[in-house]
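The next block holds one structure in the form of structure tokens; read it before the comments.
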Amino acid sequence: MGTRILIIEDEVKFARFVEMELTYEGYSVTKAYDGRTGLELAEGEQFDLILLDVMLPGLNGLEVLRRIRRFSEVPIIMLTARDSVMDKVSGLDLGADDYITKPFAIEELLARIRAALRKQSRSPDGNVLTAGLLRLDPARRQVTYDGTPIDLTKREFDVLQYLLENKGIVVSRDALLENVWGFDFDGQTNAVDVYIRFLRSKIDEVFGIQLISTVRGVGYVIRDDD
Ligand code: CA
């Protein structure tokens with residue numbers, strides 16, 4: 001069996017259209033028309049990727065996302081309504097890998113699916129990354145500062161990991177978007193700045209350090225000062 005994709009979407013015609021296109025591309029597709037059924041399928045079967053609508057009857061998409069993340073790191077792309085910034089931020093914060101705004105061109109969806117699958121298949125690097133007293137363990141997905149655990153969301157963790165992998169190098173917003181979000185946003189989002197703020201509030205402000213430096217007009221860098 002090929003790559004398995006689960007679509008959780010209550011608009012039946014739309015779900016069938018996406019299924020048809022994905023099947024044509026060679027994916028094996030399963031559909032659920034409500035959140036509860038989708039959640040049960042995600043629990044009971046192995047999928048390589050999930051497309052998850054935010055606006056669902058009963059159990060909404062964000063709640064389904066939250067529950068799936070309790071047991072699975074399967075790549076999830078959220079389908080959001082136009083301009084619902086809150087849905088996007090909440091979705092990413094709850095561990096979605098990407099989102100796409102409806103209506104979208106099928107080519108864009110296919111590109112995002114390929115990017116999410118690529119990112120997933122990248123073999124996990126077991127090396128622990130450090131900067132001063134900060135320690136990030138990619139295999140265990142743990143971050144500590146001087147031994148104190150820091151609780152990060154999936155996205156915050158991925159941003160921090162990428163900065164640490166490039167320690168001493170100024171990383172541009174575009175590079176972060178491409179490597180962490182897995183898709184070129186054409187600079188139309190301030191998602192990177194939002195996540196840098198989240199990281200600073202959880203690390204810099206808590207431990208009284210300056211871990212992540214802003215290089216005006218260029219991007220961000222973590223320097224090892226010890
Ligand atoms: Ca819907």
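A short reminder: the numbers here are calculations on the coordinates, not readings from a lab. The structure presented is a predicted model; accordingly, all values stated were derived computationally and were not measured. No Cβ is skipped: glycine too gets one built from the backbone with ideal geometry, and neighbour counts run over all protein chains shown.
In whole Å and largest first, what semi-axes does the C-alpha gyration tensor of the chain yield when each eigenvalue is scaled by 5 and square-rooted?
Each semi-axis is the square root of five times an eigenvalue, giving 33, 18, 16 Å.
What residues from the range 36-60 fall in the zone where the backbone N is under 16 Å from a label point 7 Å along the Cα-to-C-beta line of R141?
43, 47-50
Which one of P138, I209, L164 is farthest out on the positive end of the charge dipole of the range 129-222, using unit charges on Cβ (Lys, Arg +1; Asp, Glu -1) and the Cα centre as origin?
Farthest towards the positive end: I209.
Angle between the Cα long axis of helix 154-165 and the longest principal axis of the chain, 0 to 90 degrees, nearest 10?
Around 40 degrees separate the two axes.
Please report the base-10 log of the normalised intensity I(q)/I(0) for the range 1-66, using a Debye sum with one equal scatterer per alpha carbon and no solvent, at each q in 0.11, 0.12, 0.17, 0.23 (1/Å).
Values, matching the q order: -0.22, -0.26, -0.52, -0.92.
For the range 3-105, state which chymotrypsin sites (Phe, Trp or Tyr not before Pro) are in a DSSP loop and have at most 10 other beta carbons lying within 10 Å of their beta carbon. Before the final figure, lay out the partial values.
Details: sites: F14, F17, Y24, Y27, Y33, F47, F71, Y99, F104; in loops: Y27, Y33, F47, F71, F104.
In loop regions of the range 3-105 (DSSP not H, G, I, E or B), the sparsely surrounded chymotrypsin sites (Phe, Trp or Tyr not before Pro) are F71.
Can you compute log10 of I(q)/I(0) for the range 41-139 with the Debye formula, treating each Cα as one identical point scatterer, at q = 0.17, 0.23 Å⁻¹?
Here log10 of I(q) over I(0) equals -0.84, -1.24.
Please give the charge dipole size of the chain, origin at the Cα centre, charges +1 on K and R Cβ atoms and -1 on D and E Cβ atoms. Round to the nearest 20 debye. Don't jump to the answer; show the numbers that get you there.
Values: 29 positive and 38 negative charges, 36 e Å.
Value, rounded to 20: 180 debye.
Hey, got a sec? Which trypsin sites (Lys or Arg not before Pro) in the range 112-175 land in a DSSP loop and have at most 14 other Cβ atoms within 10 Å?
Here the sparse-neighbourhood loop sites are R122, R140, R141, K167.
About its Cα centre, how strong a charge dipole does the range 4-120 have in debye, to the nearest 20, once Lys and Arg get +1 and Asp and Glu get -1 at the Cβ?
160 debye
Would you work out which of V218, N127, F104 lies farthest towards the positive end of the dipole of the chain? Charges go on Cβ: Lys and Arg +1, Asp and Glu -1.
The one lying farthest along the dipole's positive direction is N127.
Nearest 5 is fine: what % of DSSP beta bridges in the chain come out antiparallel, could you say?
Of those bridges, close to 50 percent are antiparallel.
How would the range 139-215 be classified by its alpha-carbon gyration tensor: rounded, prolate or oblate, with rounded meaning a/c under 1.5 and the a/b versus b/c comparison settling the rest?
Prolate, since a/c reaches 1.5 and a/b exceeds b/c.
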